[in-house]
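What follows is calculated from the coordinates using simple rules that are stated; it is not laboratory data. Remember, predicted model here, so these are calculated numbers, not experimental data. Counting neighbours? That spans all protein chains shown, and the Cβs are built from the backbone with ideal geometry, glycine included.
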């Protein structure tokens, strides 16, 4: 979380279309992530990809079966000041469009 705090701009915005909720400001974004991310090493894998020519990341989360399963595609908006926005798509069915497997 400390590393993320350093990357986010003060006015960062986190959106999760089609969920009609968003989070404005570094503090609120970090609160969201702290509440939603299970703590501990080895709970997530982030895979670099791209979306419409922009940097993106696919996140896999460890399931109760011990395997990693598709969770979200995250598309950050990068500025000189840092990450000013992130669009997060909670759609595992999108992973094959990025050439990524559903499970790892």
**Report entry** Antiparallel content of DSSP bridges confined to the chain, in %, to 5
**Finding:** 85
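Rounded to the nearest 0.05, what FRET efficiency do residue 100 and residue 7 have when you use their Cβ-Cβ distance and R0 = 22 Å?
0.45
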Query raised in the report: Going by how many other beta carbons lie within 10 Å of each one, how would you line up 9, 21, fewest first?
Result: 21, 9
Requested in this report: Could you work out the per residue convex hull volume over the alpha carbons of the chain, in cubic angstrom?
Outcome: 108
Query raised in the report: According to the square roots a ≥ b ≥ c of the eigenvalues of the Cα gyration tensor, what is the shape class of the range 1-61, taking rounded for a/c under 1.5, prolate for a/b larger than b/c otherwise, and oblate for the remainder?
Result: rounded
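Report the extension gain between residue 35 and residue 52 in nm, rounded to one decimal, defined as 0.36 nm multiplied by the number of residues separating them, less their alpha carbon distance.
Length difference between fully extended and current span is 3.2 nm.
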**Report entry** Mean residue ellipticity (222 nm) of the chain, computed from DSSP H runs ≥ 4 via -39,500 (n - 2.57), nearest 500
**Finding:** -4500 deg cm²/dmol
Query raised in the report: Where does helix 26-36 land angle-wise versus the long Cα axis of the chain, in degrees 0 to 90, nearest 10?
Result: 20
Query raised in the report: If each residue's Cβ is checked for other Cβ atoms within 10 Å, how do 14, 22 rank with the fewest at the top?
Result: 22, 14
